[in-house]
Amino acid sequence: MIIGNVGVEPEMRFTPSGHPVTSFSVATNWLTTTAEGERKKETEWFSVTAWDRLAEQCNQIISKG
């Protein structure tokens, strides 16, 4: 499970055989503390690809932000 913010609008396309595919990216953020006691915000990006019915649902429901 990835919980974060969607970075770009999902992009739906179709394979040559007609199967829908949706791609988008998700950013997760967390705070860490350095040895000096300084708080630092870090971000990690995940690429997500959904197929078939889930691809259609992601394209309809998910939006940037």
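Numbers at a glance
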read-out	value
Loop sites in the stretch 1-64: trypsin sites (Lys or Arg not before Pro), DSSP, at most 11 other Cβ within 10 Å	Lys64
Mean residue ellipticity (222 nm) of the chain, computed from DSSP H runs ≥ 4 via -39,500 (n - 2.57), nearest 500	-4500 deg cm²/dmol
Restricting the chain to chymotrypsin sites (Phe, Trp or Tyr not before Pro) in coil, as DSSP defines it, with at most 15 other Cβ within 10 Å	none
Relative contact order (%) - criterion: Cα under 8 Å, at least six apart; region: the chain	39 percent
In degrees, nearest ten, helix 52-61 long axis to first principal axis of the chain (Cα)	60 degrees
Fully extended contour minus Cα-Cα distance, from Ala27 to Arg53, at 0.36 nm per residue	7.0 nm
Given the chain, longest segment not containing exposed loop GluC sites (Glu not before Pro) (DSSP; at most 16 other Cβ within 10 Å)	1-35
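Coordinate-derived values only; no laboratory data. These numbers come from a predicted model, not from an experiment. When we count neighbours, we look across all protein chains shown, and the Cβ atoms used for this are built from the backbone with ideal geometry, even at glycine.
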